[in-house]
Amino acid sequence: MSKLTFLNHASYMIETKKSLLIIDPWFEGYAFDKGWALLDNSTTNEGLIDLISATKKEIYIWLSHEHSDHFSVPFVMNLKKRGLSAKFFFQRTIDRRVATYIRNMGFSVIESNDTKENIDSELSIVTFPFSGGDSYCLMLCKEFSLLNLNDCVIKNETRVRSVMSNIKKYTIGIDLLMTQFGYANWLGNRDETELRISAAKDKLTRIKLQIEHIKPKYVIPFASFIYFCHKENFHTNDMQNTPEDVKEFFNKNDLDSKLIMVKPMDKLDLSQNLLLQSSNSIQVNIQHWNKLISKIKPHDIEDKVYSKSEIINEYKVYKKKIFISFLFVPAILEKLKYITSIQFYIHDLDINLSLSYITGIKITPGEKDNADIGISSSTMVFILKNDYGMNTTVVNGKLVCLSDNGIIKFERHFLLQEYMKMGYGLKHPLITLSIFLKKIFHKFKVRKWDNNPNLDS
């Protein structure tokens, strides 16, 4: 008899007689450079570790991808501090960043793609890599199948058919689909509400598409129980989908018979009818989330103000790392205008910052009208110091777009940072060359430069 316990945000636990499988643990604190916070703060790392420790069962942990709302380093550190043993599952990647970190923390890791991994006689798991470093998984219990799409952008029939093609090797049908329902990145400046309205609508439309093709018996919308918590991105919450919006959408599209709404520590017996277990709690759980959403406000976060010289030094270090990984390629790509120089307005220093792989860094007096992106000095340094700096900043939305193509220029300029994070460069020259040639071909074919390392469009 397998049981599912929803923990928080994108995390839940499947329990069998012998084992515990924990999914994407993030139970407290911030994610994405203090840009996201949990709606429900009732969970803690210590509390969850107490819970799993008390069961005396074998502990397994599956991580969908490296983002901090799915892979919480503080949780892993707490797990080690408490002396608990655990086996992790992660997709096999070129960079092996996550797997290496976990092993260095003293835990074992199974790296596998599209391979059934048996946890015990009652439970197995299959990981499928997805574009941009994400992945989804199929969990197979006795007479029960669960498909976790988390943040994977399954947005059209081609992609959902690809998912079905992958999972049909292991199961004839899906009992439970778990999928994201809220938007999760920069979506316009404060007054550009139409972008967020469109994104929110698109998220719900995707769920309908997934249901139509996958045909699950039940659906749990999840991986969206967060809010943009910084003063620089708080406006992004204004058009976000809520659990109540999801319920109304399901009702409008005659999908009510599939919907299960959860809150932290809700339990489901996977051997029984899930709707019968949850029917009385749907409205209660919606009210739970409504109450929390009504109370959100920007957190009082004091970001460090960095000096001009500190930013200059960080850019020199960043540029050196990029050129070590890709030699002269950055300058060539900029010369060919495949990537571009970019102008930042650093609002807490009132300066303009010009970054170029050819001419380097230049600082001039503050002039918003001449800039592409407005950010703080703290965010600028974060971008330069961290391999996931650009990616994190796009997700947390702590920026202002000041030119018509500012976001595109931002993503393109730091595209090589994204490549480096994913393990491309001199360590894997043939794979890297292949990727660049594909992108050059793609550019001439569609007459645009695609920013996604995996040609995701």
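The values are calculated or read from the model by the stated rules, or taken from the named source; none is laboratory data. All figures in this text were calculated on a predicted structure; none of them were measured in a lab. Cβ sites come from the backbone with ideal geometry, for glycine too, and all protein chains shown count toward neighbours.
For region 253-282, a residue qualifies if it is part of a helix (DSSP H, G or I), surrounded by 12 or more Cβ atoms within 10 Å (Cβ to Cβ) and in contact (Cβ under 8 Å) with a residue 12 or more places away in the chain, and the qualifying residues are 258, 274, 275, 278, 282. With respect to (1) touching a residue at least 40 places away in the same chain (Cβ under 8 Å); (2) buried (at least 18 other Cβ atoms within 10 Å of the Cβ); (3) touching a strand residue (DSSP E or B) at 6+ places or on another chain (Cβ under 9 Å), the lone exception for residue 289 is condition (3). Within region 293-335, restricting attention to residues that are buried (at least 18 other Cβ atoms within 10 Å of the Cβ) and of a type in the set (A, V, I, L, M), the residue that is farthest from residue 416 (Cα to Cα) is 311.
Tell me yes or no: at least one residue of region 106-118 is out of contact with any Phe, Trp or Tyr (no Cβ under 8 Å at 6 or more places or on another chain), farther than 21 Å from residue 420 by Cβ, surrounded by fewer than 21 Cβ atoms within 10 Å (Cβ to Cβ) and not hydroxyl-bearing (Ser, Thr, Tyr). The answer is yes, given that some residue of region 106-118 is out of contact with any Phe, Trp or Tyr (no Cβ under 8 Å at 6 or more places or on another chain), farther than 21 Å from residue 420 by Cβ, surrounded by fewer than 21 Cβ atoms within 10 Å (Cβ to Cβ) and not hydroxyl-bearing (Ser, Thr, Tyr). Listed by position, the strands (runs of 3 or more DSSP E) enclosed by region 96-173 that each have at least 1 residues that are under 22 Å from the mean Cα position of the chain (by Cα) are 108-111, 123-129, 135-141, 144-150. Restricting the first member to region 19-42 and to residues that are free of Cβ contacts under 8 Å to residues at least 40 places away in the same chain, and the second to residues that are aliphatic (A, V, I, L, M), the beta-carbon pairs closer than 9 Å and six or more apart or on different chains are 41/292. Do we have any residue at all in region 418-426 that's surrounded by fewer than 20 Cβ atoms within 10 Å (Cβ to Cβ), over 26 Å from residue 189 (Cα atoms), more than 23 Å from the chain's Cα centre (by Cα) and modelled with pLDDT of 75 or more? Among the residues of region 418-426, at least one is surrounded by fewer than 20 Cβ atoms within 10 Å (Cβ to Cβ), over 26 Å from residue 189 (Cα atoms), more than 23 Å from the chain's Cα centre (by Cα) and modelled with pLDDT of 75 or more, which makes the answer yes. For residues in region 381-402 being out of contact with any Ser or Thr (no Cβ under 6 Å at 6 or more places or on another chain) and among the charged types (D, E, K, R), which is surrounded by the fewest Cβ atoms within 10 Å (Cβ to Cβ)? So, considering only residues that are out of contact with any Ser or Thr (no Cβ under 6 Å at 6 or more places or on another chain) and among the charged types (D, E, K, R), the one surrounded by the fewest Cβ atoms within 10 Å (Cβ to Cβ) is 385. Just one of the numbered conditions (1) more than 22 Å from residue 145 (Cβ to Cβ); (2) within 17 Å of the chain's Cα centre (by Cα); (3) at pLDDT 95 or above; (4) not in a strand (DSSP E or B) is not true of residue 37: (4). Of all the numbered requirements in (1) part of a helix (DSSP H, G or I); (2) under 28 Å from the mean Cα position of the chain (by Cα); (3) more than 21 Å from residue 305 (Cβ to Cβ), residue 339 misses one, and that requirement is (1). Considering region 200-214, the residues that are closer than 30 Å to residue 115 by Cα and over 18 Å from the mean Cα position of the chain (by Cα) include one that is surrounded by the most Cβ atoms within 10 Å (Cβ to Cβ), namely 210. In the set 169, 208, 231, 217, only one residue is touching a residue at least 60 places away in the same chain (Cβ under 8 Å) and not hydroxyl-bearing (Ser, Thr, Tyr); that residue is 231. Apart from one condition, residue 395 fits all of (1) of a type in the set (Val, Ile, Thr); (2) under 17 Å from residue 334 (Cα atoms); (3) at pLDDT 85 or above; the exception is (2). The set of residues in region 348-374 being part of a strand (DSSP E or B) and either at positive phi or touching a residue at least 60 places away in the same chain (Cβ under 8 Å) (or both) consists of 360 alone.
Looking at this structure, is residue 405 polar (S, T, N, Q), in contact (Cβ under 8 Å) with a residue 24 or more places away in the chain and either surrounded by fewer than 18 Cβ atoms within 10 Å (Cβ to Cβ) or on the phi > 0 side of the Ramachandran plot (or both)? It is true that residue 405 is polar (S, T, N, Q), in contact (Cβ under 8 Å) with a residue 24 or more places away in the chain and either surrounded by fewer than 18 Cβ atoms within 10 Å (Cβ to Cβ) or on the phi > 0 side of the Ramachandran plot (or both).
Select from region 167-199 the residues that are aliphatic (A, V, I, L, M), within 21 Å of residue 247 (Cα to Cα) and surrounded by fewer than 20 Cβ atoms within 10 Å (Cβ to Cβ) and list them in ascending order. Result: 197, 199. When you look at residue 220, is it part of a strand (DSSP E or B), among the hydrophobic types (A, V, I, L, M, F, W, C) and on the phi < 0 side of the Ramachandran plot, yes or no? So residue 220 fits the description; yes. Mind checking which pairs have a first residue in region 324-343 that is under 17 Å from residue 433 (Cβ atoms) and of a type in the set (A, V, I, L, M, F, W, C) and a second that is in a loop (DSSP other than H, G, I, E, B) and at pLDDT below 90, Cβ under 6 Å, 6 or more apart or different chains? So the pair list comes out as 333/339. Among the residues making up region 126-151, those that are on the phi < 0 side of the Ramachandran plot and either of a type outside the set (A, V, I, L, M, F, W, C) or free of Cβ contacts under 8 Å to residues at least 24 places away in the same chain (or both) are 127, 129, 130, 131, 134, 135, 136, 142, 145, 148, 151. Looking only at region 193-214, decide whether some residue is in the same structural domain as residue 30 (by TED's automatic domain parsing) and outside any helix (DSSP H, G or I). No, region 193-214 has no match at all.
Could we say that residue 47 is farther than 17 Å from residue 184 by Cα and surrounded by fewer than 15 Cβ atoms within 10 Å (Cβ to Cβ) here? In short, yes.
Residues that are assigned to a loop (DSSP other than H, G, I, E, B), at pLDDT below 95 and closer than 15 Å to residue 133 by Cα do occur in region 83-93.
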